[in-house]
């Protein structure tokens, strides 16, 4: 099938800026860009309509971007604690999804939906992970996601202490070194 020309109504990652006329696959336009009101088909009527509304759309975009920047400054450095069951090795019995992170952000005072949370790969291990949250197509922030078995364990992780098998092995090694009857190593 031939590519479809659309005019973008807002900035779209890896595609273009507002007002750009780009060629995309028909399914991408039909299933994502057009229903989300991110683009219009690039015909004469729609191009004329876009040009008449361009200043209004740009003003709205600037207003939304400034609001997103204020929110990012206000909740900068947000940390979300997610409690999950995990095995001894620290691997989760499932994974942490973008919905879980969005719910945690809402508890922390940042209301976002799961589409705004960008996970490069699923979180399947205990520990701290940096996740990108897109507040506006031009504004994003990072949120620290702390996945732990309990709140006490989350506090230890936040302080930088090792948990799980690594912590037990380190404690056993330290105990062996400091035993009263232990011989010094040469």
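Values quoted throughout were computed directly from the atomic coordinates according to the rules given, and no laboratory measurement underlies them. None of the values given here were measured: they were computed from a predicted structure. Using ideal geometry, Cβ is built from the backbone for each residue, glycine included, and neighbour counts are taken over all protein chains shown.
Just from its helices, what would the mean residue ellipticity at 222 nm be for the chain, if runs of 4 or more DSSP H residues each count -39500 (n - 2.57) and the sum is divided by every residue, rounded to the nearest 500 deg cm²/dmol?
Rounded to the nearest 500, the figure is -11500 deg cm²/dmol.
Ratio of region 59-126's C-alpha Rg to 2.2 N^0.38 Å, to two decimals?
1.37
Once you've got the GNM for the chain with C-alpha springs shorter than 10 Å, pick whichever of 36, 85, 17 has the biggest mean-square fluctuation.
Maximum among the listed residues: 36.
Give the angle, between 0 and 90 degrees and rounded to the nearest 10, that separates the Cα long axis of helix 98-107 from the longest principal axis of the Cα atoms of the chain.
Helix 98-107 and the main axis of the chain meet at about 80 degrees.
Angle, helix 164-177 long axis vs. longest principal axis of the chain, Cα atoms, 0 to 90°, nearest 10?
Taking Cα atoms only, the helix is inclined about 30 degrees.
Tell me the label only: which of (i) 50, 34, 31; (ii) 63, 36, 26; (iii) 88, 40, 33 is Cα extents along the principal axes in Å as calculated from this structure?
The calculated read-out lines up with (iii).
GNM on the chain, C-alpha springs below 10 Å: top fluctuator among 46, 31, 113?
Result: 31 has the largest fluctuation of those listed.
Give the calculated FRET efficiency between residue 128 and residue 53 to the nearest 0.05, with a Förster radius of 25 Å applied to their Cβ-Cβ distance.
0.05
Give the angle, between 0 and 90 degrees and rounded to the nearest 10, that separates the Cα long axis of helix 44-74 from the longest principal axis of the Cα atoms of the chain.
Computed tilt is about 30 degrees.
Relative contact order for region 11-133: what is it in percent, counting Cα pairs under 8 Å that are at least 6 residues apart?
Value for region 11-133: 16 percent.
May I ask for the Rg/Rh ratio of region 1-104, computed from Cα atoms with Rh as the Kirkwood radius, given to two decimals?
Radius of gyration relative to Kirkwood radius: 1.16.
Take every DSSP beta bridge with both residues inside the chain and express the antiparallel ones as a percent of the total, to the nearest 5.
DSSP beta bridges in the chain are roughly 80 percent antiparallel.
Within a 10 angstrom radius of the beta carbon, how do 129, 55 rank from fewest other beta carbons to most?
In order of increasing Cβ crowding within 10 Å: 55, 129.
Provide 20, 13 in ascending order of the number of other Cβ atoms located within 10 Å of each residue's Cβ, fewest first.
13, 20
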